[in-house]
Amino acid sequence: MLIRNAPDIKSSEITDKSLYLSRRKFLLAGSASLASLAAGAAPAWLSGVDEAYAGTKLPGVQKSRLSTGEPLNSFKDITTYNNFYEFGTDKDDPAQYAKTLVTRPWTVAVEGEVKRPKIYGIDELMKLSPLEERIYRLRCVEAWSMVIPWVGFPLSALIKRVEPTSKAKYVEFLTLHDPKQMPGQRRGVLEWPYVEGLRMDEAAHPLAILAVGLYGEVLPNQNGAPLRLVVPWKYGFKSIKSIVKIRFVENQPATSWMKANPSEYGFYSNVNPDVDHPRWSQARERRIPEFTKRKTLMFNGYGDQVAQLYSGMDLRKYI
Amino acid sequence: MSFEFKIKNSQFKILKAAAFAACSIPLALLIYNGYTDGLGVNPIETITRSTGKWTLIFLLITLGVTPLRRITGWQWLIKFRRMLGLYAFFCALLHFTTYIWLDQFFDLMEIAKDIPKRPFITVGFASFVLLIPLAVTSTSGMVRRLGKRWQQLHRLIYLIAIGGVIHYLWLVKADTRKPLIYGAILGALLGYRLLAKWRVGEFFARRFALSPAAKEE
């Protein structure tokens, strides 16, 4: 795989940004006309353009005491088995089709109930706070799990920067909506754009991060490049990918999965072995690549850190 | 234009061996991929989905034999039906075994809770159980012994196929396209039978002058 081949590249060898951007424009224009001829069978050198960026090593990444010491899932596990419906609903679809996503340039609009709304460029966001490696468990609502070495920064760093007003009770996140780049959006599997949300105190929790990397490198497209949320105590679908908008709002956002099936997917969606998905049990999970299932832990094992966020709440009711 | 196409016994034997080999390709691929690390990141899920998918496909092919035979007049197609049906049963058995063994690892308590509690498992399990008597009575001896009742019993296949599609439809999270495609094909195959029963099929057969055999039905 192309991604793996560029770990020790010198900064002097990296193509100047303006150069690769114009080059990419040329290639994209070319690929559009080629695609009509080749019916989507883009040659590897063409489709590899964005991945070349995705493989770039991130400098100065600090370790974090919030990381777990459990054995990591392989790069292959994490990048070939994805739920990212914007690129198709099969697990291997994102790895195959996310190449069409253009992640540079990329802007994230931070708006709503904040004193300092701003449209951030992705590179500016990445310098907002020192990048940290956060090795987290990820528990999917489908009852499988992985251990993933994300690179990112606390969401709270961004929150502090934009100064939410007293009206800001929730944070709403939106994924890019562009069916040209995200072919899965051509079908109404979910309501596009994908929307997720957190309560203000959840968003400000030190465990909640905005991730920009994986395994020390720039995040691959299929994992939600260039910027995604990671909330390790909640089911994976809460950790929204390829974010273009972050809105501070007064009312609880209506998320895509809540709209798709409110009885199955609640706003909180905390990992909870005692509350089953209506159609399957959440008591156990398969830690990929293990053979037998293991017990699922309350809040995905982050209860010591996050349980107090929900004190006094009936978690059978607030799913 | 005639679709009439008769084959000799020796040709039929070759054809049947070829069909048998073709039907075993999905399973052979699954085993091959299993040995060559080709089942992806979550092999148990891959095996579960693959055996489930091929159960449905073989059920639909089996249900396609009669309409195809009537439309083309190729009576010999009926001789493939038992083999196709048994392949469907075999895949269903592997699918069920995967669930019991690889997925739940013989956790009988969990399985006993799952079957009545999860509607998609209830329907899938019921369909599998109903397939067993059909497989058991598939021998020529049983066909003879049961006589008219054999056909009555084997009409369960309609219910089983509907159950299989519902099982699939109820387990997907949001993308219902694939189960609905299976449902549409099943609908067409069952719809054909209904139309044939109401003699609408006869009208079409005459209209398009398919073959003498088609008119006889």
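Rolling a 1.4 angstrom probe over the protein heavy atoms with all chains in place gives the stretch B:9-216 an accessible area of 57 Å² per residue.
Each helix, a run of at least 4 DSSP H residues, gives -39500 (n - 2.57); summed and divided by the residues of the protein assembly as shown, these come to -13000 deg cm²/dmol at 222 nm.
Assign one of three labels to the stretch A:105-215, namely rounded, prolate or oblate, based on the Cα gyration tensor with a ≥ b ≥ c the square roots of its eigenvalues; rounded applies when a/c is under 1.5, prolate when it is not and a/b is larger than b/c, and oblate otherwise. Intermediate results must be reported in sequence, preceding the final value.
Values: a/c = 1.43, a/b = 1.13, b/c = 1.27.
Rounded, since a/c falls under 1.5.
From the square roots a ≥ b ≥ c of the eigenvalues of the alpha-carbon gyration tensor of the protein assembly as shown, which class results: rounded (a/c under 1.5), prolate (a/b over b/c), or oblate?
On the way: a/c = 2.33, a/b = 1.82, b/c = 1.28.
Since a/c reaches 1.5 and a/b is larger than b/c, the shape of the protein assembly as shown is classed as prolate.
What you get for the protein assembly as shown, charging only the Cβ of Lys and Arg (+1) and of Asp and Glu (-1), is a dipole of about 2160 debye around the Cα centre. Cross-link pairs exceeding 32 Å in C-alpha to C-alpha distance, out of A:LYS57/A:LYS167; A:LYS259/A:LYS295; B:LYS117/B:LYS148; A:LYS169/A:LYS295, comprise A:LYS57/A:LYS167; B:LYS117/B:LYS148; A:LYS169/A:LYS295. For the stretch B:106-174, with the dipole built from +1 on Lys and Arg beta-carbon atoms and -1 on Asp and Glu ones, taken about the Cα centre, which of B:GLY164, B:PRO133, B:LEU146 lies farthest toward the positive end? The Cα lying farthest towards the positive end belongs to B:LEU146. Straight-distance candidates among the lysines for linking to B:LYS13, with alpha-carbon spacing under 22 Å and chain neighbours fewer than 8 residues away dropped: B:LYS79. What pairs from A:LYS76/B:LYS178; A:LYS63/A:LYS118; A:LYS91/A:LYS241; A:LYS238/B:LYS173; A:LYS99/A:LYS180 go past 19 Å between their alpha carbons? From the list (A:LYS76/B:LYS178; A:LYS63/A:LYS118; A:LYS91/A:LYS241; A:LYS238/B:LYS173; A:LYS99/A:LYS180), the Cα-Cα distance tops 19 Å for A:LYS76/B:LYS178; A:LYS63/A:LYS118. Expressed as a whole percent, the accessible area of the stretch A:189-299 that falls on carbon and sulfur atoms is 55 (1.4 Å probe). Pull out a ≥ b ≥ c, the square roots of the eigenvalues of the alpha-carbon gyration tensor of the stretch B:133-201, then state rounded if a/c is under 1.5, prolate if not and a/b is larger than b/c, and oblate in the remaining case. Oblate shape, in that a/c is at least 1.5 and b/c is the bigger or equal ratio. Accessible-area rank, largest first, for A:SER281, A:SER145: A:SER281, A:SER145, with all protein chains present and a 1.4 angstrom probe. Count neighbours as other Cβ atoms within 10 Å of each site's Cβ, and list the trypsin sites (Lys or Arg not before Pro) in the stretch A:182-244 that are DSSP loop with at most 16 such neighbours. Passing both the DSSP loop test and the Cβ count: A:ARG187. Am I reading the B/A interface right? What is its buried accessible area, both sides, 1.4 Å probe, to the nearest 100 Å²? Roughly 2200 Å² of accessible surface disappears when B and A pair.
Kirkwood analysis of the stretch A:243-314, using all unique Cα-Cα pairs, places the hydrodynamic radius at 14.6 Å. Restricting the stretch A:55-116 to trypsin sites (Lys or Arg not before Pro) that sit in a DSSP loop and have at most 11 other Cβ atoms within 10 Å of their own Cβ leaves A:LYS63, A:ARG65, A:LYS115.
Taking every DSSP beta bridge that has both ends in the stretch A:66-310, the antiparallel portion is near 85%. Among B:5-11, B:108-114, the peptide with the highest mean count of other Cβ atoms within 10 Å heads the list, and the full ranking is B:108-114, B:5-11.
The values are calculated or read from the model by the stated rules, or taken from the named source; none is laboratory data. In this text the structure is predicted, and so the values were computed from the model without any measurement. Glycine also receives a Cβ, built like all others from the backbone with ideal geometry; neighbour counts cover every protein chain displayed. Remember, those area values only see protein heavy atoms, side chains included, never the ligands or the DNA or RNA. Shrake-Rupley method; radii C 1.70, N 1.55, O 1.52, S 1.80 Å.
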